[in-house]
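A quick write-up on the structure given underneath.
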Amino acid sequence: MGRSLGVNNVFRKYCSYSCIYCQAGRTTNLTIERRKFHEPESVLRELESALKSIDWGIDYVTFVPNGEPTLDSNLGEEISLIKDLGVKVAIITNSSLLFREDVRRDLWESDLVSLKVDSVREESWRKINRPHRALSLNKVMEGMREFSSEYSGRLLTETMVIGNFKYKEKEIEEISHFIGELDPEVAYLSLPVRPPSEKRVTLPTSETLNKFKEAFSSLNYKVLSEDVEQEVRVEDLPEIVKVHPIKVNSSIKDHPGLKVVEYSGKKYYVPVEKEKN
């Protein structure tokens, strides 16, 4: 997506999933009920201020919170207000609420939507994504099918490939087949390169990753295997690490409110304590 300015539109860890690999930590508010988190006008004001304060161009304004963006019942209005500024809008969603017509309708006006597809088997889905108990995988998948058939913007998918998880025979091929039905522009294979919520989660072996590559060979797939360096201003660091850890580098010194953890041989900034709503 090029250069993206992120919008955190929900309170910390309001999500319909509690994925074992989540870089924002465990879900503390597991829910599927949509609600208002912020007034759309206040989101717009903060965004306009941020756009004025940066000196590099923006390709997308991306809704990528430390929770599930479609839980925000004001999302559609927020997308509309941002697009009136003349910038493109992207949404990164776990796809769990796309069975709802109002959620699909909210996303129609966005320019890009990325859908999470980690598994298409109920048992694996519940182990990896740990969804709200009221959700069913068949319903979630049907919502994705409906959305992909009616959406006219750029559609991507993202599949997390994790270590310490035994994928059943044919399971990876089934994931690829379902993603083929969605017909995304790119099918991304992501690796847990940042500190995950569960310490048992590791990077996949080359054997597992190669199985995914082989199964995805008929798709236009790309592997996201590196923690890309970000252009981070020191004053923005506390807000960014609420969404995902930031790799420690020499340009950013110790910062109050943050601590350093080590994962896969690298050091990352993470919040000292959970955000209070």
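The values are calculated or read from the model by the stated rules, or taken from the named source; none is laboratory data. Computed from a prediction, not measured in an experiment: that's the story for all the values here. Ideal geometry is used to build each Cβ from the backbone, glycine not excepted, and the neighbour counts take in all protein chains shown.
At a glance:
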item: Complete set of residues in the stretch 50-68 that are modelled with pLDDT of 90 or more, among the hydroxyl-bearing types (Ser, Thr, Tyr) and within 17 Å of Glu239 (Cβ to Cβ); result: Thr62
item: The stretch 174-186: number of residues that are part of a loop (DSSP other than H, G, I, E, B), in contact with a strand residue (DSSP E or B) (Cβ under 7 Å, 6 or more places away or on another chain) and without any contact (Cβ under 8 Å) to a residue 60 or more places away in the chain; result: 1
item: Exclusive hit being among the polar types (S, T, N, Q) and touching a helix residue (DSSP H, G or I) at 6+ places or on another chain (Cβ under 9 Å), set Ser197, Ser206, Ser136; result: Ser136
item: Looking only at the stretch 208-236, and only at residues there that are of a type in the set (A, V, I, L, M, F, W, C) and at pLDDT below 70, the one that is surrounded by the most Cβ atoms within 10 Å (Cβ to Cβ); result: Val232
item: Residues satisfying the stated conditions in the stretch 40-49, i.e. of a type outside the set (A, V, I, L, M) and either more than 21 Å from Pro238 (Cα to Cα) or in contact (Cβ under 8 Å) with a residue 24 or more places away in the chain (or both); result: Pro40, Glu41, Glu48
item: Every pair of residues 6+ apart whose Cβ atoms lie under 8 Å, when the first sits in the stretch 187-206 and is of a type in the set (Asp, Glu) while the second is in a loop (DSSP other than H, G, I, E, B) and buried (at least 20 other Cβ atoms within 10 Å of the Cβ); result: Glu198/Ile20; Glu198/Tyr21
item: Residue in the stretch 138-149 that is under 20 Å from the mean Cα position of the chain (by Cα), part of a loop (DSSP other than H, G, I, E, B) and more than 16 Å from Asn220 (Cα to Cα) present; result: no
item: Criterion (in contact with a strand residue (DSSP E or B) (Cβ under 6 Å, 6 or more places away or on another chain), closer than 24 Å to Gly143 by Cβ and modelled with pLDDT of 95 or more) met by exactly one of Leu30, Leu71; result: Leu71
item: Looking only at the stretch 9-30, and only at residues there that are touching a Lys or Arg at 6+ places or on another chain (Cβ under 7 Å) and among the polar types (S, T, N, Q), the one that is surrounded by the most Cβ atoms within 10 Å (Cβ to Cβ); result: Thr27
item: Count of the stretch 48-72 residues which are touching a helix residue (DSSP H, G or I) at 6+ places or on another chain (Cβ under 8 Å) and not acidic (Asp, Glu); result: 5
item: Where a residue in the stretch 17-39 is free of Cβ contacts under 8 Å to residues at least 12 places away in the same chain and its partner, wherever it lies, is among the basic types (Lys, Arg), with Cβ under 7 Å and at least six apart; result: none
item: Options Leu75, Leu97, Leu71: the member that is crowded, with 20+ Cβ neighbours inside 10 Å, in contact with a Pro (Cβ under 8 Å, 6 or more places away or on another chain) and touching a residue at least 60 places away in the same chain (Cβ under 8 Å); result: Leu75
item: Residue in the stretch 103-111 that is under 21 Å from Val43 (Cβ atoms), out of contact with any strand residue (DSSP E or B) (no Cβ under 9 Å at 6 or more places or on another chain) and aromatic (Phe, Trp, Tyr) present; result: yes
